[in-house]
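Enquirer: Encoded as structure tokens, here's the structure I'll be asking about.
The values are calculated or read from the model by the stated rules, or taken from the named source; none is laboratory data. As the structure is a prediction and not an experimental result, all values here were calculated from the model. Methodologically, a virtual Cβ is constructed for each residue, glycine included, from the backbone with ideal geometry; neighbour enumeration extends over all protein chains shown.
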């Protein structure tokens, strides 16, 4: 399995380099602008050309998604042709089985396009995002759909300020504390994003970064270096609003050559945005198990107790566990053999802080997940 994963990652990295059009000569994100930036139009053509980019055959991976899920990637190369984060995200998303396309910045003016999007990736941390587009992104999130928002090393970049604004608008709190220079190695990966579906303990390349502090309930860190946090998962207190994931350095995305954990973490991020925080069924067959159901907890929001109900089609060994939004286990409510039928359990969260929690039931190789809101 290790050999197969390594081969898959090498294919992904090679495809990313082919898509970027060069193996060398990429300019640093810390200085220099390209005289001829490559802007990708919504039809996949380079601006000023009549032909699409070369088709890349990407090998299947074990983390493929259901066909039809759409990833919209907002381009990153109009600021600097070496900033090929958009191509790196495209390569990983296609390898996972998403329908992924790179769009120009003007796509953020088009709510009709965003309505057809399942996951939105704003791939540049340095391109300015004007007020109307900031409002459009907020409207998109209020439809319940998720966002990866690339930030950069200077905390006053437009993208960094947008993350803080979105968090504030959707009921959370985050403070951007300052920039730390140099190679922040190792950048430790925390929680679910360190394990699912790929094991990623750390990033070995993270060049400068803006660190911050979240409220620990809705804004939870997942990247850490020497006690400072450089990446966050924001889960809004309203379950009807979309999740945001951000990191404050784009170089870890655009420089995967020799850093195999980068595309693995990108897979984890896409997997989390596509599946995390919503009801999901996961099984070896990849299809729902008839009669296996997990209901929304009631009451919800709750304080301090709530009831969780699920049903089993057959007798089986069952676990019912509660996690915080980055995947740290909070409580085990069930772990044992149960008969077929409906089962109800009460969870008392009197010792926990207000915030969003995930509860997950597993049986027969399948799992179901829902969100619960503790509001004290």
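Enquirer: Within region 352-369, how many residues turn out to be within 12 Å of residue 323 (Cβ to Cβ) and outside any strand (DSSP E or B)?
Expert: Result for region 352-369: 1.
Enquirer: Which of the residues that make up region 276-293 are crowded, with 17+ Cβ neighbours inside 10 Å and at pLDDT 55 or above?
Expert: 276, 289, 292, 293
Enquirer: If you take the residues in region 300-339 that are in a strand (DSSP E or B) and within 25 Å of the chain's Cα centre (by Cα), which one is surrounded by the most Cβ atoms within 10 Å (Cβ to Cβ)?
Expert: Per the criteria, the residue is 320.
Enquirer: Does residue 357 satisfy the criteria of being without any contact (Cβ under 8 Å) to a residue 40 or more places away in the chain and under 30 Å from residue 246 (Cα atoms)?
Expert: So residue 357 fits the description; yes.
Enquirer: Considering only region 341-358, how many residues are under 22 Å from residue 233 (Cα atoms), crowded, with 19+ Cβ neighbours inside 10 Å and at pLDDT 90 or above?
Expert: Of the residues in region 341-358, 1 are under 22 Å from residue 233 (Cα atoms), crowded, with 19+ Cβ neighbours inside 10 Å and at pLDDT 90 or above.
Enquirer: Which is surrounded by fewer than 24 Cβ atoms within 10 Å (Cβ to Cβ), over 23 Å from residue 233 (Cα atoms) and modelled with pLDDT of 95 or more, of 52, 132, 60?
Expert: Just one listed residue meets the conditions, 132.
Enquirer: Name every residue in region 135-158 that is surrounded by 22 or more Cβ atoms within 10 Å (Cβ to Cβ) and either outside the structural domain of residue 231 (by TED's automatic domain parsing) or more than 20 Å from the chain's Cα centre (by Cα) (or both), in order of residue number.
Expert: Selection gives 157 alone.
Enquirer: Out of everything in region 63-100 that is surrounded by fewer than 19 Cβ atoms within 10 Å (Cβ to Cβ) and in a strand (DSSP E or B), what residue ends up being modelled with the lowest pLDDT?
Expert: Ranking the qualifying residues of region 63-100, first place goes to 99.
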